[in-house]
Amino acid sequence: MALPIDKIGKRYPPLLYAVGREKIREYAEAVGETNALYLDLEAARAAGYADLVAPPMFVVVYASRAFFPALFDPELEIDFAHLVHGAQEFHWDELVVAGDEITTTLEFKETSERSGLRFDVFESVSLNQRGQTVSVGTWKNIIRREA
Amino acid sequence: MSESATPGALAAGDSIALSVTPDRYVTVRYAGASGDFNPIHIDEQFALEVGLPGRILHGLWSMAQVARAVGAAAGDDPAALKSLSVQFRGMGVMEQEMTVSGSVSGVEGGVASVKLEATQGTTKVIKGAVAEVRVG
């Protein structure tokens with residue numbers, strides 16, 4: 001199967017995610033966060049934040065949804081059953097708090113093949129409602145090829 | 001949480017450590033919280049059918065443990081983490097202690113560089129992790 005090299009640079013429609021207070025708490029509890037700024041509204045406000053603060057890795061919640069159209073894009077021919085998450089990188093800028101509206105755009109950046117494995121790279125760029133960058137993610141997936 | 005590092009004042013050579021034992025339902029809660037419902041994480045039979053030893057942890061859950069270790073060492077400042085890069089290696093499993101360990105390799109221009117890994121027993125779940133932490 002040929003690699004979708006001609007699709008490098010393809011961008012997917014921006015996805016808007018409204019950050020909810022209880023979603024931050026649910027996420028923080030699922031990963032075992034104990035920092036009160038992520039769990040306790042009064043503590044967050046007392047520390048000077050407008051609302052409950054989202055932990056850095058909350059990026060997964062607002063950005064990964066932007067992936068679904070790409071993962072199931074027939075033009076990329078991604079064999080979902082043989083997909084493995086190989087590596088991940090995030091850069092963070094502006095903090096995210098409950099009430100923010102985050103827009104994430106995803107781009108297909110690279111695809112290559114070696115040793116029977118296909119390596120895909122996607123980049124997500126997430127902006128808040130003021131147009132400030134909150135995070136940039138580099139997502140590296142490995143797809144095992146059928147023998 | 002680090003024993004040696006002063007929160008928010010990471011210096012070269014400081015070490016970072018965190019231990020956590022994921023319970024057997026953590027992947028179910030994390031699937032709901034994150035939106036990643038890949039059945040290899042939540043369906044034991046499906047996981048076995050595709051050749052896994054059973055349900056495995058989400059890689060991004062393990063990455064969140066690395067982020068948590070760094071955040072705690074940086075004095076719980078939510079804005080401290082500037083970047084985090086990880087490589088996923090061995091499969092993480094439930095009901096086995098995961099240890100995140102790392103050390104500050106240097107501080108330059110108000111940013112500390114931290115090298116970390118996450119292990120369960122002899123399995124490296126995350127290797128080659130690099131965090132940049134704002135300390136200025």
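Report the net charge of residues surrounding residue A:39, where surrounding means a beta-carbon distance below 14 angstrom and charges are Lys +1, Arg +1, Asp -1, Glu -1.
On the way: positive: A:21, A:23, A:25, A:45, B:68; negative: A:22, A:26, A:29, A:33, A:40, A:42, A:51, B:76.
With Lys, Arg at +1 and Asp, Glu at -1, the neighbours total -3.
Could you work out how far apart the two model spin labels at residue A:21 and residue A:43 are, taking each label as a point 7 Å from the Cα in the direction of the beta carbon, and quote it in nm?
1.6 nm
How far is helix A:21-30 tilted, in degrees, relative to the longest principal axis of the Cα atoms in chain A, given as a value from 0 to 90 rounded to the nearest 10?
Approximately 70 degrees, to the nearest 10.
Counting only protein heavy atoms, probe 1.4 Å: which residues of the stretch A:39-78 lose 30 Å² or more of accessible surface in the full assembly compared with their chain by itself?
Buried on complex formation: A:56, A:57, A:60.
What FRET efficiency comes out for the pair residue A:5/residue A:93, r = Cβ-Cβ distance, R0 = 25 Å, nearest 0.05? Each step should come with its number before you reach the end.
Values: r = 31 Å, r/R0 = 1.25.
Efficiency, from the Cβ-Cβ distance: 0.20.
If we count every other residue with Cβ under 11 angstrom of residue B:113's Cβ, Lys/Arg +1 and Asp/Glu -1, where does the sum land?
On the way: positive: B:82, B:115; negative: B:108, B:132.
Net charge in that neighbourhood comes out at 0.
Report in % the part of the accessible area of chain A that belongs to carbon and sulfur, leaving out ligands and nucleic acids; probe 1.4 Å.
Details: 3670 of 6830 Å².
Answer for chain A: carbon and sulfur cover 54 percent of the accessible area.
Share of Cα-Cα pairs in chain B beyond 25 Å, in percent?
On the way: 2653 of 9180 pairs.
When every Cα pair of chain B is considered, 29 percent fall beyond 25 Å.
I'd like to check one number: the per residue accessible area of the stretch A:43-147, probe 1.4 Å, reported in Å² as a whole number.
Heavy-atom accessible area per residue stands at 42 Å².
Does any residue of the stretch B:40-74 lose at least 50 Å² of accessible area with all protein chains in place compared with its chain alone, and if so which ones (probe 1.4 Å)?
Hits at the 50 Å² cut-off: B:60, B:68.
Take the residue pairs A:140/B:82; A:23/B:124; A:140/B:115 and return only those whose Cα atoms are more than 22 Å apart.
Where the Cα-Cα span goes over 22 Å, the pairs concerned are A:23/B:124.
Send over the semi-axes of the protein assembly as shown's equivalent ellipsoid, whole angstrom and largest first, taken as the square roots of 5 times the C-alpha gyration tensor eigenvalues. All intermediate terms of the calculation are to be shown ahead of the outcome.
Numbers: eigenvalues 168, 101, 73 Å².
In descending order, the three semi-axes are 29, 22, 19 Å.
Would you work out the relative contact order for the stretch B:34-124, in percent, from Cα pairs under 8 angstrom that are 6 or more residues apart? Numbers along the way, then the final one.
Numbers: 96 pairs, mean separation 19.0, N = 91.
Result for the stretch B:34-124 is 21 percent.
Between residue A:79 and residue A:138, what's the calculated FRET efficiency when r is the beta-carbon distance and R0 is 25 Å? Round to 0.05. Let's see the in-between values first.
Numbers: r = 21 Å, r/R0 = 0.85.
The value I calculate is 0.70.
Show that you can apply the helix-only estimate: for chain B, add -39,500 (n - 2.57) for every DSSP H stretch of four or more residues, divide by all residues, and state [θ] at 222 nm to the nearest 500. Could the numbers behind the result be given before it?
On the way: 4 runs with 34 residues, N = 136.
Calculated from helices alone, the mean residue ellipticity at 222 nm is -7000 deg cm²/dmol.
Kindly compute the accessible surface that chains A and B hide from a 1.4 Å probe when together, both sides summed, and give it to the nearest 100 Å².
Working: alone 7990 and 7060 Å², together 12690 Å².
Adding both sides of the contact gives about 2400 Å².
May I ask you to give the percent of accessible area on the stretch B:15-134 that is carbon plus sulfur, with a probe radius of 1.4 Å?
Details: 2470 of 4890 Å².
That share works out to 51 percent.
Between residue B:122 and residue A:50, what FRET efficiency follows from the Cβ-Cβ distance if R0 is 45 Å, with the result rounded to 0.05? Spell out each step's value before the answer.
On the way: r = 45 Å, r/R0 = 1.01.
For residue B:122 and residue A:50, the calculated efficiency is 0.50.
The values are calculated or read from the model by the stated rules, or taken from the named source; none is laboratory data. Note that the structure is a prediction, hence the values are computed from the model and not measured. Neighbour counts run over all protein chains shown; Cβ positions are idealised from the backbone, glycine included. Side chains are part of the model used for accessible areas, which takes the heavy atoms of the whole protein and leaves out ligands, DNA and RNA. Shrake-Rupley method; radii C 1.70, N 1.55, O 1.52, S 1.80 Å.
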